[in-house]
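*Asks:* Provided herewith is a single structure, encoded as structure tokens, for subsequent inquiry.
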Amino acid sequence: MADQLTRAERAQLEAELAELEGPRRQAAITAIATAREHGDLSENFEYHAAKNEQGLLEARITKLRARLHDAVEVDESTVAAGGVVTVGSHVDLTREDGEDMSVLISSVGGVSPDSPVGRALLGHSKGDDVVVEAPRGAWRARIVSVRAGS
């Protein structure tokens with residue numbers, strides 16, 4: 001399934017991609033050129049490290065491009081009006097042990113919709129009881145509020 005992103009999340013990923021394709025890529029090219037000047041490449045640690053960094057950078061660029069290409073944008077006004085937990089929702093809940101939690105369902109920098117908590121909350125509304133099937137054991141919580149994330 002394609003990532004669901006809010007407009008702000010898409011902008012955040014696009015900014016990261018621009019940084020990687022611009023200044024970071026140029027820095028990697030410069031580091032490789034500098035390391036080449038040090039002579040024998042077979043024993044040149046700087047060169048191999050710079051090439052490895054370049055490979056990691058290019059892999060991240062490829063991943064970001066694919067993610068942005070395949071992503072579906074979520075309308076944040078619909079999230080706010082619907083009251084149902086979706087990507088982009090900020091959810092307050094109270095666990096059965098009394099602990100209050102606040103989470104943002106997000107594919108970028110929040111609780112992933114594919115995580116145990118995200119899967120348990122998606123599609124539910126204020127007042128619903130949910131069961132989170134976590135790796136360390138299941139736990140229950142009640143949704144206290146659902147609003148558009150920020």
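Rule-based calculations on the coordinates, nothing more; no lab input. The structure displayed is predicted, hence computed values, not measured ones. In this analysis, Cβ positions are derived from the backbone assuming ideal geometry, glycine residues included, and neighbour counts consider all displayed protein chains.
*Asks:* Suppose only helical runs count, i.e. DSSP H with n ≥ 4. What mean residue ellipticity at 222 nm does that imply for the chain under -39500 (n - 2.57) per run, divided by all residues and rounded to the nearest 500 deg cm²/dmol?
*Replies:* For the chain, the value works out to -13500 deg cm²/dmol.
*Asks:* Exposure proxy check: Val103, Val144, Val85 ranked by fewest other beta carbons within 10 Å? Walk me through the numbers on the way to the answer.
*Replies:* Numbers: Val103 18, Val144 14, Val85 26.
In order of increasing Cβ crowding within 10 Å: Val144, Val103, Val85.
*Asks:* Shifting gears a bit: Could you tally the net charge around Thr34, taking each other residue with its Cβ under 13 Å from the Cβ of Thr34, Lys/Arg +1 and Asp/Glu -1?
*Replies:* -1
*Asks:* On to the next question. Candidates (1) 11.6; (2) 7.9; (3) 8.5; which is the computed mean projected area of the Cα convex hull in nm²?
*Replies:* Step by step, mean projected area of the Cα convex hull in nm² for this structure corresponds to label (1).
*Asks:* Among the helices of the chain (complete DSSP H runs), which have Cα atoms covering no less than 15 Å along the helix axis and a Kyte-Doolittle mean of at least -0.5?
*Replies:* On the way: long enough: 7-19 (18 Å, -0.90); 25-36 (17 Å, 0.34); 45-70 (38 Å, -0.82).
Passing helices, by number: 25-36.
*Asks:* Under 5 Å between amide H atoms, partner at least 5 residues away or on a different chain: which partners does Leu5 have, H built in plane at 1.01 Å?
*Replies:* For Leu5, the qualifying residues are Val72, Glu73, Val74.
*Asks:* Now, a different point. Please work out the Cα center distance from segment 3-17 to segment 54-126, rounded to the nearest Å.
*Replies:* 12
*Asks:* Using unit Cβ charges (K, R positive; D, E negative) and no other charged atoms, how large, in debye to the nearest 20, is the dipole of the chain about its Cα centre?
*Replies:* 200
*Asks:* Could you check the simple spin-label distance between Asp100 and Thr62, using points 7 Å along Cα→Cβ, in nm with one decimal?
*Replies:* The two pseudo-label positions are separated by 4.7 nm.
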